[in-house]
Amino acid sequence: MTEKSNDLSDKDKVTSASESPEAKGKEKEVENSSEKESSDVESKEAAPEPSAEEKTSEPEVVEAKEEDATVTSELDETDEEEEEDHHDEDLDIENLSKAELVKLLKEKTKESSSPLKLEKMVNTIKAAFDEYTHKERDEALEKFKAEGGTEDDFDFRPSDEERDFITYYYEFKKQVSSIRKEAEKQKEKNLDAKTEILNKLRELVDGEETTLSINAIKSIQEEWKSIGPVPAAQNRSLWASYNALMDRFYDNRSIYFELKELDRKKNLESKLELCEKAEALKDMPDLKEAIKALNELHEEFKHIGPVPREEQEELWKRFKAASDAVYDRRKEFYESQKEVFKKNQNEKEALIEKLNAFSDFKAERIKDWNTKTKEILDIQKSWEKIGPVPRESGREINKAFWTAFKKFFHNKNLFFKELDEIRATNQAKAEELIQKAEELKDSTDWQNTANSMIALQQEWKKLGPTPEKSRDNLYKRFKTACDTFFDNRRNSNKQANQEYEANYKAKQAVCDEIIKASKENPSEEELTEYVGKFNEIGFVPRKNMKDIQAQFKAAVDAYLEKLDDDFDREDFLFRLNLNRIQSDPNAVKTLNKKEHGIRKQISDLENNITLWKNNLEFFAASKTADKLKDQFDVKIQKAEEEIEKLKKKLSILREF
């Protein structure tokens, strides 16, 4: 496409430069250089290109000189972006609630036909909304921790308001991105259209003169003017070719010279009016508005067309002088901001270094990603608060920041994609468990089915995460099937429950007998019989188990108080406890565990005795040492007595 726009022949360029009155005024500058005559159509260099950040805060102005001036590409490149900077509304959102912010975002994004104008406002609304979200999360976390939870177990789920806000926000960002992409596509189309116009203009210039030529050239001028911006790389060459061909048209067709001069005079009036407007901009208080207005004047100036040759140079000098006055104000402003820009650069580079630590972050838990995401968004928030940086560093700094930022969220998206696959797999497993539970829920084989149901429940507990939208429904179906079976079993066991009630009353009666017997002639043999009688009675209702055990213990304690002092109460209670354990379904496991515990106690005490005896050998003869020896002797004696008791318990335990 560049070749299309640069295919102005040497003949076009040389003819334009050598035959036009403007070119004759420049003979001293271009003599002995035919190439310079063909390419140096522009007599004034464009203003230096600003940094990326200047483009977003200050409208860029392009200098153009009459019909032979080649206009720089900076204006076309940034028009759309600058447009949005100057349509920001003063928005007071400080006292708005979350719901009001959601409503405001929805209204603003729906009511405007140009999302680019709203981008800064939408970012402001999002920043305010994020402050609410962060605050609510912190409060929820503190409440969770106050209720006994830990930060690692905390999972903050977004509210409906947050989901609505995120939906509106990302739909808006999608529109902005689409508009900008479409604008770039349109520039390519505009380049093709202008290249085609150049071909038509060249045919007209090189063709035979007709009475319709002037109308055709005017039509081409209007068509050229109506076409929007083109890619920056081709803008200069397009204008050079266009202006050279236009010069050739007017210079080679003397029949229309009078009409051309009249048109030039009319153009002179229009351009003089633009000069007055440009001169007035020097005193405009708002520099940004002044730059924007000057930008528009330059665009209009370059499209008006040629003026009388004798007025051309002075007119351009006047317009340029007015433009330079505004440029000088901008230059002074940026010079005064150099230290501020450098400070901003240092702050942004520090944030980039901090952000780079997150680019390779990996985690297996959602809460870890949520924690890091909050930190990333805090960094982004800090980044957005920092002002512009020097133009030569702006593009590189922005690229470094957003590359690291996007890499983190790319990794996060991969994690959640894998998580979704795991959840889908777990959902299939859950459906399978539900199907098995529903097949068993009406079974009357109580014991075997209960075991199967319990096994299914254990498998359910081992399931990983399932999709959030179906999680509650899956659990409800599984629980309903399990509850149905166990409710049926409980209803079928009403007779058994009546027996349990009778057992409860029978055990209460035994407790009463033990208390009554303790007041008469208590003996160990009698108490043993009562204990055996109590244990022979079957199960009691689950709700009464703790109560009957408490009554039994109180009755036995009362009986033991009446026995002789030489009665080994501790051994008796130990045997009593072993008898109780034997009635438990897991008796073997419990007894083995108790035996292991006793052996460990014996081993620990024996180790302590050995250590204490070794220590006694190091004490020197003194009053203090003798006192310490006595203390160690007491410890050793007590430990040996405790070992004897434990060994006795161990021998009793072997009887069971």
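The values are calculated or read from the model by the stated rules, or taken from the named source; none is laboratory data. It should be emphasised that the depicted structure is a prediction, and the values quoted were computed from it without experimental measurement. As a convention, Cβ positions derive from the backbone with ideal geometry for all residues, glycine included, and neighbour counts pool all protein chains shown.
So which of 271, 260, 266 ends up being over 50 Å from the mean Cα position of the chain (by Cα), under 30 Å from residue 217 (Cα atoms), modelled with pLDDT under 85 and not aliphatic (A, V, I, L, M)? Explain how you work it out, then say what you get.
Details: 271 fails: modelled with pLDDT under 85; 266 fails: modelled with pLDDT under 85.
From the options 271, 260, 266, the qualifying one is 260.
When residue 169 is tested against (1) surrounded by 12 or more Cβ atoms within 10 Å (Cβ to Cβ); (2) in contact (Cβ under 8 Å) with a residue 60 or more places away in the chain; (3) over 30 Å from residue 109 (Cα atoms), only condition (3) is not met. Residues that are in contact with a Lys or Arg (Cβ under 8 Å, 6 or more places away or on another chain) and under 30 Å from residue 121 (Cβ atoms): list the helices (runs of 4 or more DSSP H) wholly contained in segment 363-472 that include at least 2 such residues. Where helices (runs of 4 or more DSSP H) fall fully within segment 363-472 and carry at least 2 residues being in contact with a Lys or Arg (Cβ under 8 Å, 6 or more places away or on another chain) and under 30 Å from residue 121 (Cβ atoms), they are 366-385, 391-440. Kindly indicate whether any position in segment 504-519 is over 30 Å from residue 460 (Cα atoms) and of a type in the set (Asp, Glu). Yes - at least one qualifying residue is present in segment 504-519. Tallying residues that are surrounded by fewer than 16 Cβ atoms within 10 Å (Cβ to Cβ) and among the β-branched types (Val, Ile, Thr) within segment 305-341 yields 1.
So that you can scan it fast, the table gives a plain yes or no per residue for (1) of a type outside the set (Phe, Trp, Tyr); (2) surrounded by 13 or more Cβ atoms within 10 Å (Cβ to Cβ):
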site	(1), (2)
173	yes, yes
179	yes, yes
204	yes, yes
207	yes, no
224	no, yes
227	yes, yes
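Within segment 97-156, can you find the residues that are in a helix (DSSP H, G or I), more than 30 Å from residue 180 (Cα to Cα) and among the charged types (D, E, K, R)? Correct list: 135, 136, 137, 138, 139, 142, 143, 145, 151, 152, 153. Whether any residue in segment 172-194 is under 28 Å from residue 114 (Cα atoms) and of a type in the set (Ser, Thr, Tyr) is what I want to check. Among the residues of segment 172-194, at least one is under 28 Å from residue 114 (Cα atoms) and of a type in the set (Ser, Thr, Tyr), which makes the answer yes.
Within segment 276-319, the set of residues being over 21 Å from residue 239 (Cβ atoms), of a type outside the set (D, E, K, R) and in contact (Cβ under 8 Å) with a residue 40 or more places away in the chain comprises 281, 287, 291, 308.
Out of 282, 292, I need the residue that is surrounded by fewer than 18 Cβ atoms within 10 Å (Cβ to Cβ) and more than 23 Å from residue 194 (Cβ to Cβ). Which one?
282
For segment 496-513, the tally of residues that are modelled with pLDDT under 85 and more than 60 Å from the chain's Cα centre (by Cα) stands at 2. Going through (1) surrounded by 17 or more Cβ atoms within 10 Å (Cβ to Cβ); (2) modelled with pLDDT of 50 or more; (3) charged (D, E, K, R) one by one, residue 85 falls short only on (2). A count restricted to segment 403-448 and to residues that are surrounded by fewer than 16 Cβ atoms within 10 Å (Cβ to Cβ), under 31 Å from the mean Cα position of the chain (by Cα) and more than 18 Å from residue 469 (Cα to Cα) stands at 6. Against the numbered list (1) free of Cβ contacts under 8 Å to residues at least 40 places away in the same chain; (2) assigned by TED's automatic domain parsing to the domain that holds residue 260, residue 231 comes up short only at (1).
May I ask you to list the residues in segment 464-498 that are surrounded by 15 or more Cβ atoms within 10 Å (Cβ to Cβ) and either among the aliphatic types (A, V, I, L, M) or within 30 Å of residue 529 (Cβ to Cβ) (or both)? Residues satisfying the conditions are 474, 481.
May I ask you to list the residues in segment 536-553 that are surrounded by 13 or more Cβ atoms within 10 Å (Cβ to Cβ), out of contact with any helix residue (DSSP H, G or I) (no Cβ under 6 Å at 6 or more places or on another chain) and either of a type in the set (A, V, I, L, M, F, W, C) or touching a residue at least 12 places away in the same chain (Cβ under 8 Å) (or both)? 545 - this is the single residue of segment 536-553 that is surrounded by 13 or more Cβ atoms within 10 Å (Cβ to Cβ), out of contact with any helix residue (DSSP H, G or I) (no Cβ under 6 Å at 6 or more places or on another chain) and either of a type in the set (A, V, I, L, M, F, W, C) or touching a residue at least 12 places away in the same chain (Cβ under 8 Å) (or both). Would a scan of segment 569-582 turn up a residue that is closer than 15 Å to residue 654 by Cα, of a type in the set (Lys, Arg) and at pLDDT below 75? So far as segment 569-582 goes, yes, one or more of its residues are closer than 15 Å to residue 654 by Cα, of a type in the set (Lys, Arg) and at pLDDT below 75.
Within segment 466-479, residues that are more than 23 Å from residue 452 (Cα to Cα) have Cβ atoms under 9 Å from residues that are exposed (fewer than 15 other Cβ atoms within 10 Å of the Cβ) and of a type in the set (Asp, Glu) in these pairs: 467/420, counting only partners at least 6 apart in sequence or on another chain.
Selection within segment 514-535: residues that are touching a residue at least 12 places away in the same chain (Cβ under 8 Å) and surrounded by fewer than 13 Cβ atoms within 10 Å (Cβ to Cβ). The member of this set that is farthest from the chain's Cα centre (by Cα) is 519.
Results for (1) in contact (Cβ under 8 Å) with a residue 60 or more places away in the chain; (2) under 29 Å from the mean Cα position of the chain (by Cα), shown as yes or no for each residue.
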| position | (1), (2) |
| --- | --- |
| 334 | yes, no |
| 339 | no, no |
| 350 | no, yes |
| 359 | no, yes |
| 370 | yes, yes |
| 386 | no, yes |
| 401 | no, yes |
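Exactly one residue out of 299, 313, 364, 339 is under 22 Å from residue 401 (Cα atoms) and out of contact with any Cys (no Cβ under 9 Å at 6 or more places or on another chain): that is 339.
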